[in-house]
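Some notes on the structure that comes next.
The values are calculated or read from the model by the stated rules, or taken from the named source; none is laboratory data. Bear in mind the structure is a predicted one, so any value in this text is a computation, not a measurement.
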Amino acid sequence: MRVVVQRVKYASVKVDGAVKGEIGQGLLALIGVKEGDTEKDLQFCVKKLVNLRIFKDNEDKMNLSVQDIGGELLLISQFTLYGDCRKGNRPSFIMAEAPEKANAMYEKFIEMVKETGLKTEKGVFGADMKVELLNDGPVTIIIESPGE
């Protein structure tokens, strides 16, 4: 499993012009599920995401998590995180999980994050989404489950 995390001042996602999710300060997470990912990969990535210390403390050091600041999360499914560009110019997506299983993993990811009590918004799996954000920093981190 691969999660690209962006620290944001705000973020939103629209489908067909309608806002499906929006947050204030917090994290935008783009979530890619790889073929063969398991519950263990989910648990690792969720725990890492909510505890990732990338917000500034009183001494201007990245030492606080989204939980520490009472931030919000916007979770977006993105199979293209497993696009393989090593050969040719057109990415291959054969490493990405099949849509049905990937959607189940994505929904479980959302459920697990919501269990932390943080405000959590989401996109629409498989939809043509328009994501808007104000990257704070910018700070962008990649989380990969140990199965990588």
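Scanning region 97-126 for residues that are at pLDDT 95 or above and of a type in the set (Gly, Ala, Ser), which turns out farthest from Leu28 (Cα to Cα)? Across region 97-126, the extreme among qualifying residues is Ala98.
To keep it simple, each residue is scored yes or no on (1) of a type in the set (S, T, N, Q); (2) under 12 Å from the mean Cα position of the chain (by Cα).
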{"residue": "Lys14", "(1), (2)": "no, no"}
{"residue": "Ile23", "(1), (2)": "no, no"}
{"residue": "Gly26", "(1), (2)": "no, yes"}
{"residue": "Ala29", "(1), (2)": "no, yes"}
{"residue": "Lys34", "(1), (2)": "no, no"}
{"residue": "Thr38", "(1), (2)": "yes, no"}
{"residue": "Gln43", "(1), (2)": "yes, no"}
{"residue": "Lys48", "(1), (2)": "no, yes"}
